[in-house]
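Contents: one structure, followed by commentary.
All of the numbers you see were taken from the coordinates with simple rules; none came from a lab. Fair warning: this is a prediction, and the values are worked out from it, not measured in the lab. Note: ideal-geometry Cβ built from the backbone for every residue, glycine included; neighbour counts use all protein chains shown.
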Amino acid sequence: MEMNKNEVESQDYNPFKHRQVKKPNSDIRSLANLLKASLGSGILAIPLAFANSGWGVGIVGTVIIAFICTHCVHIFVAVSRKCCKAVRKPLLSYAETCEVAVAIGPKKLRPLASAARVFAEFSLLFTYIGVCCIFTVLIADSVKQLLDRYVSGYILPVEYYCLILIVPLCILVQIRYLKWLAPLSLTANILLVATFLICLYYIFKDEIKVSDKRVVGYPSRFPAFLSTVIFAMEGIGVVMPVENNMKKPEHFLGCPSVLSIAMTFIMVLYAILGLFGYFRYGDDLKGSITLNLPLDAWPAICGKAFIAISIFLTYPLHFYVVLDVLTKYAEPIIKEKYRNLAQVFGRILVVCFCGGIGIALPMLEQIINIVGAVFYSILGLIIPGVIETVNRWDNLGKYNWILWKNMLIVLFGVCSLISGLIVTIFDIIEKLNKKTV
């Protein structure tokens, strides 16, 4: 009887009314933040995804993946709200949602609640370490292209540029507070939009030839397409912070909603850029479409410079997620008088680690595929599918349709992970063999 009473009380609890956010965001600002999370450097890799899949499969695949990603965000936020009611808390983070969902789920799984939180936190950690590696290589590639063209007397391998970049990045990441990063993020967004417009200018500048472009690509390259689109489209790591800081969080889900509007816009934009980017550059596409721009005209030069500066300024924002997780686990075991020093050297070590991966593996396309295939598949597909199943174990719908649906989502995530990883490993081996020949 006591249990039933608690259940009734938890259902009466409205987490939205208990949230105390100092400066809550409007629906428009929340929409902008959600768009900013998904419209990062990943959008510049979408044309390469279409080159791997063919333009017909690319359009259909982008729509399907957008739908699946949107659904996974939807079910995860819905579960988070149920968990808030269950534990009578106004808001929960991504990792906390995983912990509570397991803690109030089937009795046999409840001892795994802490492990679920730790797994979610370290999935976030490795995802954003991967993103920082991608940023390092993308900046290095862009700078190398420009300097090779205009300072031809000092042509260096891209690995050297990754090494040189470590120094300014180590200085930049010493900024510890998000509010101080706001001006950098604003500048980065303006430069990213300018880069995007420059890319569109070069795509549509001359007549586009379609006849020699494949409608359906080689099946062996489909996993690379999946990995790139999942990497570009997934922004689930910032979904909970966006929803938790909304003035009217009830507007995040539903139809029309902040989520549905944002993901529809992203899907259309990705399909257009992927389609026409592939039509323009075909199989010559590189890890970022900016690397395909010419080097003999000032708009293209600006585009390459803008993307390098934009990614450089965005780096500390993604780095913040990495440090947030590491700090949580490191602080309790470090004496208070050494914590400030530990922060400084900890940030330097992480930048050096990401730079080291860039030096060891300076292959932009392949790192994007690894991060998309492994980490974003886990964060954006596998975890939401598992967590909703656990949370709704007592009521899985008629014929257990929720269980079957989530099994398909998890299977899709696992297949994307395994196939994308295998194809990328073979790509890396092939590239390394070419270098040694």
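Numerical summary
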{"quantity": "Candidates 312, 306, filtered to the one that is among the aromatic types (Phe, Trp, Tyr), part of a helix (DSSP H, G or I) and over 14 Å from residue 175 (Cα atoms)", "calculated": "306"}
{"quantity": "Selection within the range 255-290 - among the aliphatic types (A, V, I, L, M) and without any contact (Cβ under 8 Å) to a residue 24 or more places away in the chain", "calculated": "268, 272"}
{"quantity": "Lone unmet requirement of (1) surrounded by fewer than 22 Cβ atoms within 10 Å (Cβ to Cβ); (2) assigned to a helix (DSSP H, G or I); (3) in contact with a His (Cβ under 8 Å, 6 or more places away or on another chain) for residue 259", "calculated": "(1)"}
{"quantity": "Qualifying residue in the range 224-238 (condition: in contact (Cβ under 8 Å) with a residue 24 or more places away in the chain and out of contact with any helix residue (DSSP H, G or I) (no Cβ under 7 Å at 6 or more places or on another chain))", "calculated": "no"}
{"quantity": "Close pairs (7 angstrom Cβ cut-off, 6 or more residues apart or separate chains): closer than 14 Å to residue 318 by Cβ in the range 345-373, of a type in the set (Ser, Thr, Tyr) and surrounded by fewer than 22 Cβ atoms within 10 Å (Cβ to Cβ) anywhere", "calculated": "none"}
{"quantity": "Residue ID - farthest from residue 269 (Cα to Cα), chosen from residues in the range 173-207 that are basic (Lys, Arg) and loosely packed, with under 12 Cβ neighbours inside 10 Å", "calculated": "179"}
{"quantity": "Filter result for residue 170 (surrounded by 17 or more Cβ atoms within 10 Å (Cβ to Cβ), hydrophobic (A, V, I, L, M, F, W, C) and in contact with a Lys or Arg (Cβ under 8 Å, 6 or more places away or on another chain))", "calculated": "yes"}
{"quantity": "Residues that are surrounded by fewer than 21 Cβ atoms within 10 Å (Cβ to Cβ) and free of Cβ contacts under 8 Å to residues at least 24 places away in the same chain, drawn from the range 97-113", "calculated": "103, 107, 108, 110, 111, 112, 113"}
